[in-house]
1. Starting from 0.36 nm per residue, how many nanometres of slack lie between residue 177 and residue 248 once their C-alpha separation is accounted for?
2. I need the P(r) histogram for segment 191-256: all alpha carbon pairs, bin width 5 Å from 0 out to the longest distance, whole percents.
3. What net charge do the residues around residue 152 carry, taking every other residue with its C-beta under 13 Å from that of residue 152, with Lys and Arg at +1 and Asp and Glu at -1?
4. Using 0.36 nm per residue of separation minus the Cα-Cα distance, give me the extension gain between residue 34 and residue 148 in nm, one decimal.
5. How big is the shadow of the Cα convex hull of segment 138-239, averaged over all directions, in nm²?
6. All other residues with a Cβ under 11 Å from the Cβ of residue 169 taken together, and with Lys, Arg as +1 and Asp, Glu as -1, what is their net charge?
7. Charges at C-beta only: +1 for Lys and Arg, -1 for Asp and Glu. How large is the resulting dipole of segment 128-292 about its Cα centre, in Debye rounded to 20?
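Throughout, read-outs are computed from the coordinates displayed, never taken from laboratory work. It should be emphasised that the depicted structure is a prediction, and the values quoted were computed from it without experimental measurement. All Cβ positions, glycine included, derive from the backbone under ideal geometry; neighbour counts span all protein chains shown.
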Amino acid sequence: MKPRAGEGHEIIIKRRSKKGGHDGHGGAWKVAFADFTMAMMALFMVLWIIQPQTQEASRANADMLNNPLVDGGAGIFDGTSTTPLDLDGVPVQVSPRQDRENQARTPEEDPGAEQGDGLPGPARRPHYAESQQMQDLARLMEALALQLDAEANIEVQVVPQGLRILIKDDAQRFMFSRGSARLDPHFARLLERLAAILAKVDNHLIISGHTDATPYRGVVGGYNNWNLSGDRALRARNVMVEAGLPPSTVLQVTAQADGMPLLPSDPENGANRRIELLLLTSQAEGLYRELFGEAQVRVEYRAEGAQLSAPES
């Protein structure tokens, strides 16, 4: 470049060419994106694995939240209670009216109300008399079955006589060993947890044992399905009493053999094998006591002859 007039030096301008590509078009971003994608896949896999457990927990929580026996829901009687009653670890509400009635009872009216020198006795247990109350208790037992992985082993029905609880085999587990009254540990635990619930209510129980119509093999001394069903029912009763159920709660233990199958068209089906617990209402218990108690009309045989005996009014 030629110098301008009056200037004593020459100006040189150098232009450098740019070499290489832009960093934005390199491969580093692909590595980062691959790591991000792998992390997201791992997260989705973890969520997919834990989803069934979350659903089971949600079902159990929903049962508890919808159950009027749980704290925050309706009370057993009118839903206005602030005094919780512990029912196998689940707080149950008792209405203020019922609580006042319990406190107002004297030792003569309620032997458990007061003992000794004014010392408080054991708390009175609520009595379930209405269908809605039985349904509340049934939902609690269904939630218990879900917790113990025993949904296939327990069936709860509200019937006019009270609450009918069927405990039965499933495809993988038998309640009792074949031909014996030896109880499986899974069913023993289920009976123990049921006993903890039933021990908190004042209703009485009838326990019955049932078999299928398959004849008992290896008969020794006339032992048959009647003996087997009775032994199994008595075994269930003993397990529940040992777990805390008051012995006086059980009014009767009966042997039914194959006389009342669940599947009358298929009496030899294993589904007919079961133990039944019947939680009685007051009316049903009254009828039971009329049949087997002192209130029934009966004929008494004496030396002077037969005499009709009627209960006192």
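1. Numbers: separation 71, 0.36 × 71 = 25.56 nm, distance 2.84 nm.
Difference between extended and current length: 22.7 nm.
2. Over segment 191-256, the share of Cα pairs per 5 Å bin runs 4, 18, 24, 19, 14, 9, 8, 3, 1 percent.
3. Details: positive: 168, 173, 274; negative: 142, 149, 151, 155, 169, 170.
Around residue 152, the surrounding residues sum to -3.
4. On the way: separation 114, 0.36 × 114 = 41.04 nm, distance 4.35 nm.
Here the segment from residue 34 to residue 148 would lengthen by 36.7 nm.
5. Values: hull surface 29.2 nm².
Averaging across all directions leaves 7.3 nm² for the Cα convex hull.
6. On the way: positive: 168, 173, 178, 273, 274; negative: 170, 184, 212.
Result for the local shell: +2.
7. Details: 16 positive and 20 negative charges, 90 e Å.
Value, rounded to 20: 440 debye.
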